[in-house]
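Please read the structure below before turning to the comments.
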């Protein structure tokens with residue numbers, strides 16, 4: 001089985017290159033797997049991700065966890081002119097990603113990465129420092145979606161791809177009670193966490209949207225150009 005550079009491994013490398021080497025090796029267990037705080041953060045992300053999918057009621061999810069079948073099913077779905085795909089799989093050389101949400105309209109693609117992080121702003125310029133560089137608080141998030149955009153544009157060069165972060169909007173308030181209770185966490189197969197959707201999750205039942213979609217194409221361009229930080233781009 002090929003060892004792909006997935007987006008989770010890419011994020012590990014951003015944090016510490018040594019982690020990329022050791023990840024997945026059984027002789028080097030990951031102690032963070034037992035970290036209750038990190039587990040709580042992940043659970044919040046699962047619920048926000050499930051809520052985001054409810055905003056696209058016609059979306060089709062690809063549940064397969066392997067590589068080949070998920071890639072094949074993604075290609076088949078994306079052969080349609082207009083479609084929304086959840087967890088679509090994309091590969092370019094040894095790079096592999098699964099996208100939270102892909103919204104396809106002809107050859108125009110909206111890549112939507114869902115995060116549980118809250119945002120108090122109206123556009124991506126609010127993610128820049130006063131000197132015009134990418135705010136360090138957003139580094140991991142923007143690099144994550146930049147990696148995904150790169151893989152998709154290389155795999156499908158005829159597409160026009162726009163990248164978005166979908167975030168919790170600090171300026172919005174839930175207009176229905178018990179919204180989080182509609183998305184209950186369950187553990188399956190002894191370890192994998194899934195979200196079980198309970199009750200009515202139609203747009204009316206969910207009330208006003210509490211997530212905001214921010215286009216980050218301009219920030220990704222900075223990363224690709226090497227102008228996202230005051231440090232000169234690496235020559236290695």
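Laboratory data are not the source of any read-out in this text; all were calculated from the coordinates shown. Bear in mind that the values here come from a model prediction, so they are computed numbers and not experimental data. Because the Cβ atoms are built from the backbone with ideal geometry, glycine has one as well, and the counts that use them run over all protein chains shown.
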Obtain the nm distance between the two label points defined at residue 60 and residue 4 by a simple spin-label model: each point lies 7 Å from its Cα along the Cα-to-C-beta direction.
1.9 nm
Given a Förster distance of 41 Å, the FRET efficiency implied by the Cβ-Cβ spacing of residue 94 and residue 126, rounded to the nearest 0.05, works out to 0.75
So how far, in whole Å, is the C-alpha centre of region 86-143 from the one of region 148-221?
11 Å
Give me the mean projected area, in nm² to one decimal, of the convex hull enclosing the Cα positions of region 126-228.
9.8 nm²
Once label points are set 7 Å from the Cα along Cα→Cβ at both residue 173 and residue 189, what is their separation, rounded to one decimal in nm?
4.2 nm
37 °C / 0.692 mPa s Stokes-Einstein diffusion coefficient of region 55-116, Kirkwood radius on C-alpha pairs, µm²/s
277 µm²/s
Of the beta bridges DSSP finds with both residues in region 56-161, what % are antiparallel, to the nearest 5?
80 percent
Quick check: residue separation of residue 200 and residue 224 times 0.36 nm, minus the Cα distance between them. What number comes out in nm?
4.4 nm
